[in-house]
Amino acid sequence: MGIDRKHVLIACAIAGAVLGLVLAVLQAAGTFPTSNLHGMPTGASRSTGFMLAMAPLLAAWGFTIHLRCSDAQIARYLKANAALCVAWLLIVTLKYPTSNDHLVSIMWYLYYVPMLLTSTFSLFSAMRASALDRMPVTSYAKRAVLAIDAALIALVLTNNLHHMVFRFSFDDPLWSGSYTYGPGYWVVLGWIITQIALFFACSFAAARRQLRSAFVPLALIVGVLGTYTVLYILRFLIGSNLALVYSILLISCLEIALDLGILPSYYWRESMFSALPFNLRILSRTGEVALHTALFQPSAHDDALHSMLLQSDLSRRSITSFRTTAVPHTLFRGYNVTGGSALLAEDVTAIDERRETLERQQDSLRAHNELLKHRHAIDGVLYRTQQERALIDEIEQTLAAKTRRIDELLSDLPRGNDPQSLAQRRERLTEVKLLIAYCKRKGGLVLAGKSDPAFNRERLQLVFNETAADLRTLGIDCAALVDVKRVLPASTVSVLYDCLYDFAAAAFAASNPILMLFVSDKVEGGEGSGDGVAVGQHRRVVEMRAALEAEESAQTEGYTRSLEELRRVLERRNVRFALDIAPDGATLAVQATEDEGIA
């Protein structure tokens, strides 16, 4: 609806309000023929023709609400207002020919039923339009409002019993014009004013910024109604027709709210559908376009689209989606509706562009990922080769040193058969046996690196148990425990072998030795760890603890030499260790980080 049309309708509504006010003034001034009732000039009888003409107009306005208002609940409220105004005019028309004073007073009290309920239904319409009825507390508020209305209506209708609203006496022939207002009347009037104020508050708070200027003519209408009410209470317009004037001003106010969009309104269903901000069309069962929005533009591909929609068998499913290369960058959605189907066209150009961009980025990342995989594989091969080379070099150096030691021991064997020579020869041959076993184990690491480089718990436990058994046959009280949950690389096992055999050599060189060995693994690092590992990263650590106890008086040069040789070996390794040598024994704690690591 254009702005010019709005101005015209606002002007018409204001003109209607002014006309109602002028009508009331003319009636009060006695311009029209006058009839008397109880000695008082009346305006109702002079305006019967106007009321009879106004009632059909109000009924017609209520029917247009059924056609125009897009919200069913608000439409019911507004149609109730129209019906109440018609009923009010009917009550006024029937009131004055009645000669029974008590019946006249009851019909007079009935004026306040439409006065209270029309303001209530108008408030409920504003609450609905502002979406306040979605709040759980709103239902309780509505019940409270209706309860107050019911209480006030009961108060007015029973006025003849207590005269708290209107004070008069039926003994006075002029009672219908000589009454005064009681406290109940001001309560009723205050409640009506409160509901009107809440109507404006709800509507203004929920209205879009561009609609708030529409409240100026609404305020003008309410100002005219307020002025009329004050003058009526002060008896300046006592001869006017309150029902007629109030109905005209109320309907004018609601019509402005409807026309300017404060309350939802469309003149016809087609207009409402055409104003939807979608490229939407409604198809009959034969595929013909029955309705369409303003954004719909016919094209040469419509027949094919309609055929695709009809072939999608919407009877089995309520929604279907499809695309066609004939209409690029458009997604079509079909909906099953009563009597046909709806076809919605959505422009997905931006989504397609983003998808193409993401696909290009994904292809680039996929290629880069493949490159990183190849690079990682090559780096892994190079790293393992370097580790194997370093391990082989270390083993060669260790075996060379141990071989020289074996040569020294064999070349310097005692030749005699005396007990001392036999004991020395037995001691040196036992050390040779340990060194040969050590060389065998270390040499086996080279072969294992080619065939089976991973050492599991069972394999490592077997090596430690064999060595412990050999030591026990030589008089060394030894026990070994292996508690690892994963396989170990050869470099880590090489460190464990050095610790095992060097401690065994030291124990062999001591007197009455007791040797205890324990191997375990654990995971270090993670968030909040203080061990130098990056946040979110972990590393696997193998830990070996060894304890050697011996008699202080019986330690030999070989005892110290074996432990010092172990210290030099560990210092060359990338391990953390603590080796304490005491006169009565030694303790070792060594931690080796697995080369592979874990993320």
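The values are calculated or read from the model by the stated rules, or taken from the named source; none is laboratory data. As the structure is a prediction and not an experimental result, all values here were calculated from the model. To get the accessible areas, we keep the full protein, side chains included, count just its heavy atoms, and leave off ligands, DNA and RNA. Shrake-Rupley method; radii C 1.70, N 1.55, O 1.52, S 1.80 Å.
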Exercise. Near Lys79, which lysines are there with a Cα under 27 Å away, not counting those fewer than 8 places off in the same chain?
Worked result: Lys6, Lys95, Lys142
Exercise. Amide H to amide H under 5 Å from Cys69: which residues, 5+ apart in sequence or cross-chain, H placed 1.01 Å off N in plane?
Worked result: Tyr266
For this session: Return the long-range amide H neighbours of Val575 (sequence gap of 5 or more, or a different chain), with a cut-off of under 5 Å between placed amide H atoms.
Result: none
Exercise. How large is Rg over Rh for the stretch 361-442, taking Rg from the Cα atoms and Rh as the Kirkwood inverse mean of 1/r across Cα pairs?
Worked result: 1.51
Problem set entry | Filter on Lys485/Lys522; Lys373/Lys485; Lys402/Lys440; Lys402/Lys433; Lys442/Lys522 - keep pairs with C-alpha separation over 20 Å | Lys373/Lys485; Lys442/Lys522
Seminar exercise, completed: Residue-normalised value, i.e. accessible area per residue, for the stretch 346-401 at 1.4 Å probe, in Å², stands at 80
Exercise. Which value, in Å² rounded to 10, gives the accessible area of His163 with a 1.4 Å probe and all protein chains present?
Worked result: 50
Problem set entry | Calculated Rg and Dmax of the stretch 293-357 using C-alpha coordinates, Å | 12.7, 42
For this session: Give me the Debye-computed log₁₀ of I(q)/I(0) at q = 0.12, 0.23, 0.24 Å⁻¹ for the stretch 46-141, equal point scatterers on Cα only, no solvent, two decimals.
Result: -0.49, -1.13, -1.18
Exercise. Once amide H atoms are built 1.01 Å from N in the peptide plane, which residues 5 or more positions from Leu283, or in another chain, come under 5 Å H to H?
Worked result: Ala290, Ser341, Ala342, Leu343
Problem set entry | the stretch 540-547 - phi-based ³J(HN,Hα) in whole Hz, Karplus 6.51/-1.76/1.60, Gly and Pro as x | 9, 10, 9, 10, 10, 10, 9, 9
